[in-house]
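Below: the structure, in structure tokens.
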Amino acid sequence: MVTREDILKIAKLSKLSVDENEIEQITKDMSEIIGFADTINSAVEDEDVEFDDINDIVNAFHEDVVVDSYDREEILKNRSGGENGYFMIKRRKVK
Amino acid sequence: MERTFSKIKHIKKLFETKQVSCTELTSEYLDRIEEENKVLNAYIRITGEEALQTAKKVDEKIARGESLMPLEGIPMSLKDNISTNGIETTCGSNILKGYVPIYDATVWNILKNQNAVLLGKTNMDEFAMGSSCETSCFGGALNPHDTRHVAGGSSGGAASSVAGNIAVYGLGSDTGGSVRQPASFCGLVGLKPTYGTVSRYGLIAYASSLDQIGPIASCVEDAACIYDSISVYDSNDATSRGSRSKTSDKLDRSIKGMKIGVAKEFFDGIREDIKKSIEKAIKVYEDLGAEIVYFNMPQIKNVLPVYYIIACAEASSNLGRYDGIRYGYKSELYSDVNDMICKTRSEGFGKEVQRRIMLGTYVLSAGYYDAYYKKAQKLRGSIIRAFKSAFESCDVLLAPTVPTTAFELNFTSKDPIETYLTDICTVSANIAGLPALSIPCGFDDKGLPIGMQLIADSFEDAKILNAAYQYEQQMNGEIYKHCNGGEII
């Protein structure tokens, strides 16, 4: 059973702000979904099976070699605001 | 409307014999897009200028008498979660509106080097989270067979573009069925390759241990040709392996003696007419000399909750990067940094994405991790083992792709669980990293296509393409008749 407090806590951890009017509906939906997820707790897994990877893929490390990278200004074009190679977050009060 | 769908091979012949130029063909597709896309909403961005520039290059090569690469000059579409340098890539989300990648995804890099003609970026469920394309911030893509129905999801735009004949093929991505389900809904062939064979570099992540890029095409031969081109080892993707061998030269192999496994659990809750179509397909395989092996796989009943727990857990982490600071949408009114991030995410992400992030956060949070995430990972191990064991006695498995045909519009707005349940047949291949393919096998009483699925062991992509091709040949075009509103040449 998911409570209103659970939703507020998960929203905070998820960095999402939940609209007061929507909490009830979200709590209801999440309860149903968690109830659905709960069905795995009656399932029996193979005792000696630990999942660690699929298709035997292991970490593929490569040498730490410095290569040409992207132009900083080019990368920063996608940011909203900011100048001189910096990101900018304004300190503002909600109106 | 009577249409002719051209196979890649046929188009190449037209180029080589100079019956049509690449520029003429590209212009024809662009003209059609202008008309058809108003209804289908398959494309969310059309790249006509770039397409014509590439077409010109191809025509110059043909004029010089140079031979063409496998996908050279073929007009195609890319799902909008595949990064394209200089072309806006949004993942169907408001949070990425205006985002222009500065690099190409490896798959697009490969195709670009082959002078593939990119017609545009296709519509999708937001961050690939959905089964109807309706969670897209651009509205859903419609099914060309009947526009009162969805094209499917999440690669709905890709399927709509191919079935609507406004692209020869499309690349989509499949995390839990997002290539196979829309291919099934639109009467097409959709391949989800073995995990690791196609590079994920530049594919905007949903659930990294499940995501895989795959082709949606109008026939098996085209799907094999595209897979052969894109399944290349890539050092930029730590999980990349590349493919073991080419698949297109194995399509003609006889499947006499091939063992086809049918797990009864895949048929639970499947609509009767779909069951009947699959039974007919099984009969066709028997006629082709395959041996049908019926068996039980009780692990199937766990696949959906296991999938949703793992996928959402990974999504909650992968989508943590959208904070409004480095790229994408940023909220205008906020009191401090944390408030800015929360508001940006709540205003930028749609409801379904927020729901999945919250579910993922919940199953990973202290006190719930062991009961959900850890348990799901253990069950994932059991599911993988069950498949490995099945492949000890079978070459391929045959199952439905989706329990229904294409949903009517506004399906997603209903109960979320009801939507999740429709992924029952497709998610196992992602959980176990296996190759799986959907191919049309009939129609329902409304004329909507029915798809069947073939699954093989890891790196045996050639086997399912071979089995699908043999079925397609045996049906002699029957499965495509009125399916795409025309014939395939």
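Taken together, the values in this text are just the output of simple stated rules run on the coordinates, not laboratory data. This structure is a prediction, so every number in the text was calculated from the model and none was measured. Backbone-built Cβ (ideal geometry, glycine too); neighbour counts: all protein chains shown.
Other chains near B:381-394: what is the mean number of their Cβ atoms within 10 Å of each residue's Cβ?
Details: counts 9, 7, 4, 6, 5, 1, 0, 0, 0, 0, 0, 0, 0, 0.
Shielding by partners across B:381-394 averages 2.
Assuming R0 = 25 Å, what is the FRET efficiency of A:ASP48 and B:GLU291, from their Cβ-Cβ distance, to the nearest 0.05? Don't skip to the answer; put the middle values down first.
Details: r = 32 Å, r/R0 = 1.27.
With R0 = 25 Å, the Cβ-Cβ based efficiency is 0.20.
Can you tell me the FRET efficiency between B:GLN474 and B:ARG326 if r is taken as the Cβ-Cβ distance and R0 is 60 Å, rounded to the nearest 0.05?
Numbers: r = 53 Å, r/R0 = 0.88.
Rounded to the nearest 0.05, the efficiency is 0.70.
Looking at region B:74-208, send over the antiparallel percent of its DSSP beta bridges, to the nearest 5. Show your work: numbers first, answer last.
Details: 3 of 11 bridges.
For region B:74-208, the DSSP antiparallel bridge percentage is about 25.
What is the count of Lys pairs in region B:354-489 whose alpha carbons sit under 22 Å apart, if the two are 8 or more places apart or on different chains?
On the way: B:LYS374/B:LYS388; B:LYS375/B:LYS388; B:LYS378/B:LYS388; B:LYS388/B:LYS463; B:LYS446/B:LYS481.
Number of lysine pairs found: 5.
If I take every Cα pair under 8 Å that is 6 or more residues apart in region B:296-349, average their sequence separation and divide by the length, what percent do I get for the relative contact order? Spell out each step's value before the answer.
Values: 27 pairs, mean separation 13.7, N = 54.
Relative contact order for region B:296-349 comes out at 25 percent.
Would you calculate a helix-derived [θ] at 222 nm for chain B, using -39,500 (n - 2.57) for each DSSP H run of n ≥ 4 and dividing by the full residue count, to the nearest 500? Please report the intermediate quantities before stating the final value.
On the way: 15 runs with 180 residues, N = 489.
Helices in chain B give a 222 nm mean residue ellipticity of -11500 deg cm²/dmol.
Report the percentage of all Cα-Cα pairs in region B:16-72 whose separation exceeds 17 Å, rounded to a whole percent.
On the way: 691 of 1596 pairs.
The answer is 43 percent, as a whole percent.
Any idea how far apart B:ARG148 and A:LYS12 come out in nm if each label point goes 7 Å out from Cα toward Cβ?
Placing both labels 7 Å along Cα→Cβ, they lie 5.0 nm apart.
Name the residue farthest towards the positive end of the dipole of the protein assembly as shown from the options B:THR361, B:MET129, B:TYR99, assuming +1 on Cβ of Lys and Arg, -1 on Cβ of Asp and Glu, about the Cα centre.
B:TYR99
Could you check the simple spin-label distance between B:ASP273 and B:SER393, using points 7 Å along Cα→Cβ, in nm with one decimal?
Modelled inter-label distance: 3.5 nm.
Taking Cα atoms of chain A, Rg/Rh with Kirkwood Rh, to two decimals?
Details: Rg = 23.0 Å, Rh = 19.7 Å.
Using only Cα positions, Rg/Rh for chain A is 1.17.
Give me B:PHE407, A:PHE36 sorted ascending by neighbouring Cβ count inside 10 Å, so fewest comes first.
Working: B:PHE407 23, A:PHE36 18.
Arranged by neighbour count, lowest to highest, B:PHE407, A:PHE36 become A:PHE36, B:PHE407.
Order by neighbour count: A:ILE89, B:ILE102, fewest other Cβ atoms within 10 Å first, most last. Can you show the working numbers first?
Working: A:ILE89 17, B:ILE102 14.
So the residues, fewest neighbours to most, are B:ILE102, A:ILE89.
Toward the positive end of the charge dipole of the protein assembly as shown, about the Cα centre and with charges on Cβ (Lys, Arg +1; Asp, Glu -1), which of B:PHE185, B:VAL337, B:TYR372 goes farthest?
Checking the options against the dipole of the protein assembly as shown, the answer is B:VAL337.
Check which residues have an amide H placed less than 5 Å from B:ASP80's amide H, if you skip close sequence neighbours.
Residues meeting the amide H criterion: B:THR122.
Taking region B:379-488, how much of its Cα-Cα pair set, in percent, is spaced more than 17 angstrom apart? Before the final figure, lay out the partial values.
Working: 3681 of 5995 pairs.
Looking at region B:379-488, the distances longer than 17 Å represent 61 percent of pairs.
Given the Cα-Cα distance of B:GLN53 and B:ASN85 and 0.36 nm per residue of separation, how much length would full extension add, in nm?
Working: separation 32, 0.36 × 32 = 11.52 nm, distance 1.57 nm.
Net length gain for the segment: 9.9 nm.
What percent antiparallel are the DSSP beta bridges of chain B, to the nearest 5? Walk me through the numbers on the way to the answer.
Numbers: 29 of 47 bridges.
The answer is about 60 percent antiparallel.
Applying the Karplus parametrisation 6.51 cos²θ - 1.76 cosθ + 1.60 with θ = phi - 60° to the phi angles of region B:416-432, what ³J(HN,Hα) value in whole Hz is obtained for each residue in order, glycine and proline being reported as x?
x, 4, 4, 5, 4, 4, 6, 8, 3, 8, 9, 5, 4, 4, 6, 4, 9
So if I take the alpha carbon set of region B:290-370, get Rg, then get Rh from the Kirkwood formula, what is the Rg over Rh ratio?
Radius of gyration over Kirkwood radius for region B:290-370 works out to 1.23.
Need one value for B:430-439: mean number of C-beta atoms belonging to other chains within 10 Å of its residues' C-beta atoms.
Values: counts 1, 2, 2, 5, 2, 0, 0, 0, 0, 0.
Per-residue shielding by partner chains comes out at 1.
Please compute the contact order of region B:334-489 in relative form: average sequence separation of alpha-carbon pairs under 8 Å and at least six residues apart, divided by the residue count, as a percent. Each step should come with its number before you reach the end.
Numbers: 142 pairs, mean separation 29.3, N = 156.
The normalised contact order for region B:334-489 reaches 19 percent.
Between region B:400-453 and region B:261-306, how far is it from one alpha carbon centroid to the other, in angstrom?
Each part's Cα centre sits 14 Å from the other's.
So how far, in whole Å, is the C-alpha centre of region B:11-74 from the one of region A:3-82?
40
Rounded to two decimals, what ratio of Rg to Rh does chain B give with C-alpha atoms and a Kirkwood Rh? Please list the in-between numbers first.
Values: Rg = 21.3 Å, Rh = 22.3 Å.
Checking Rg against Rh, the ratio lands at 0.95.
Restricting the count to DSSP beta bridges whose residues both fall in the protein assembly as shown, what percent are antiparallel, rounded to a multiple of 5? Numbers along the way, then the final one.
Details: 29 of 47 bridges.
If we restrict to bridges inside the protein assembly as shown, about 60 percent are antiparallel.
So between B:SER67 and B:LEU421, what do we pick up on full extension, going 0.36 nm a residue minus the alpha carbon distance?
Working: separation 354, 0.36 × 354 = 127.44 nm, distance 4.80 nm.
That pair, B:SER67 and B:LEU421, stretches by 122.6 nm at full extension.
Just need the relative contact order of chain B here, percent rounded to a whole number, with Cα pairs under 8 Å and 6+ apart.
Numbers: 1176 pairs, mean separation 89.6, N = 489.
Contact order relative to length: 18 percent.
Tell me, rounded to the nearest percent, the portion of alpha carbon pairs in region B:94-155 spaced more than 15 Å apart. It would help to have the intermediate numbers written out before the result.
Details: 1166 of 1891 pairs.
Result: 62 percent of Cα pairs exceed 15 Å.
Want the number for B:LYS374 to B:LEU409: 0.36 nm per residue separation, take away the alpha-carbon distance, what's left? The partial results should precede the final answer.
Working: separation 35, 0.36 × 35 = 12.60 nm, distance 3.67 nm.
Gain in length upon complete extension: 8.9 nm.
Taking a ≥ b ≥ c as the square roots of the Cα gyration tensor eigenvalues, with a/c under 1.5 meaning rounded and otherwise prolate when a/b beats b/c, else oblate, which class fits region B:331-381?
Values: a/c = 4.87, a/b = 2.47, b/c = 1.97.
Note, shape of region B:331-381 comes out prolate.
Taking region B:1-97, which GluC sites (Glu not before Pro) meet the DSSP loop condition and have no more than 11 other C-beta atoms within 10 Å? Don't skip to the answer; put the middle values down first.
Working: sites: B:GLU2, B:GLU16, B:GLU24, B:GLU28, B:GLU34, B:GLU35, B:GLU36, B:GLU49, B:GLU50, B:GLU60, B:GLU66, B:GLU72, B:GLU88; in loops: B:GLU2, B:GLU66, B:GLU72, B:GLU88.
Sites meeting the loop and neighbour criteria: B:GLU2, B:GLU66.
Taking the number of other C-beta atoms within 10 Å as the exposure measure, put B:MET475, B:MET452 in order starting with the fewest. Kindly include the intermediate steps, with their values, before the conclusion.
Working: B:MET475 18, B:MET452 26.
Fewest to most other Cβ atoms nearby, the residues stand as B:MET475, B:MET452.
List the residues of region B:47-76 whose backbone N lies under 15 Å from a point placed 7 Å from the Cα of B:LYS18 along the Cα-to-Cβ direction.
B:59-67
Based on alpha-carbon atoms only, what is the radius of gyration of the protein assembly as shown relative to the globular estimate 2.2 N^0.38 Å? Show your work: numbers first, answer last.
Numbers: Rg = 23.2 Å, N = 584, 2.2 N^0.38 = 24.8 Å.
For the protein assembly as shown, the normalised Cα radius of gyration is 0.94.
Quick one: putting +1 on the C-beta of Lys and Arg, -1 on the C-beta of Asp and Glu, what dipole do you get for the protein assembly as shown around its Cα centre, in Debye to the nearest 20?
Values: 66 positive and 84 negative charges, 142 e Å.
Roughly 680 debye for the protein assembly as shown.
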